[in-house]
1. Can you pull out the residues in region 147-180 that are touching a Gly at 6+ places or on another chain (Cβ under 9 Å) and surrounded by 14 or more Cβ atoms within 10 Å (Cβ to Cβ)?
2. Using beta carbons and a limit of 6 Å, which pairs, at least six apart or on different chains, have the first residue in region 66-94 and surrounded by 14 or more Cβ atoms within 10 Å (Cβ to Cβ) and the second one of a type in the set (Lys, Arg)?
3. Could you tell me which of the residues Ser57, Ser11, Ser2 is at pLDDT below 90 and crowded, with 16+ Cβ neighbours inside 10 Å?
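The values are calculated or read from the model by the stated rules, or taken from the named source; none is laboratory data. Computed from a prediction, not measured in an experiment: that's the story for all the values here. Here Cβ is always computed from backbone atoms with ideal geometry, including for glycine, and neighbour counts include all displayed protein chains.
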Amino acid sequence: MSKTHTKKEDSWFKPIILAVAIVFIVRTFIFSPFIVDGASMEPTLHDRERIIVSKTSNWIGDINRGDIIIIKGTKDNYVKRVIGLPGDVLEMKEDRLFINEKEVKEPYLKENQIVADKKGLLLTGDFGPLQIPEEHYFVMGDNRLDSGDSRNFLGYIDEKNIIGKSKFVFFPIKNMRITD
């Protein structure tokens, strides 16, 4: 018996293996989807939105102040904004952020600030001055009234626990947008 169908089966096998390998490499080292869980990043990101995260920051090392990052926790992953970089001195006074003794504007808080002002609340309790250790970051959610972050339970974030940076929201499609 001759096996003439073997070549056709082989012609499909290699492309499928190659496609699986490419998907594995891309998801492991370059980009990966994540789901936002909770309201800690509102109004920037909303609960159940799906985001694409660039994992290249792990080997390029391009984490900057203001980036939205994914942090690997012991049970869950967290989405937060980088506020303090290694070596920075942070202080919060009456909802005004000071980094290295200079006031920093946080335009992504504008919507939350209006709600807090109407209720007579401060978004962020006063803290600091505190210095960020080397190879660590200080993060906070944009929804300061409802965010577990470096102020309370996450503490300083070791750069080894940063999965990557949020690049864009891809679902729901009507909310598709760039996040950096």
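1. Across region 147-180, the qualifying residues are Ser147, Gly148, Asp149, Ser150, Arg151, Leu154, Tyr156, Glu159, Asn161.
2. Filtered contacts from region 66-94: Asp67/Lys165; Ile68/Arg81; Ile69/Lys165; Val82/Arg65; Leu85/Arg65.
3. After applying the criteria, what remains is Ser57.
This table checks each residue for (1) closer than 15 Å to Leu90 by Cβ; (2) within 13 Å of the chain's Cα centre (by Cα); (3) modelled with pLDDT under 95.
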residue: Asp142; (1), (2), (3): no, yes, yes
residue: Gly155; (1), (2), (3): yes, no, yes
residue: Glu159; (1), (2), (3): no, yes, yes
residue: Ser166; (1), (2), (3): no, yes, yes
residue: Pro172; (1), (2), (3): no, no, yes
residue: Thr179; (1), (2), (3): no, yes, yes
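Here's the yes/no breakdown for (1) at pLDDT 90 or above; (2) touching a helix residue (DSSP H, G or I) at 6+ places or on another chain (Cβ under 8 Å):
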position: Ile70; (1), (2): yes, no
position: Thr74; (1), (2): no, no
position: Met92; (1), (2): yes, no
position: Leu97; (1), (2): yes, no
position: Leu109; (1), (2): no, yes
position: Ile114; (1), (2): no, no
position: Val139; (1), (2): yes, no
position: Asp149; (1), (2): yes, no
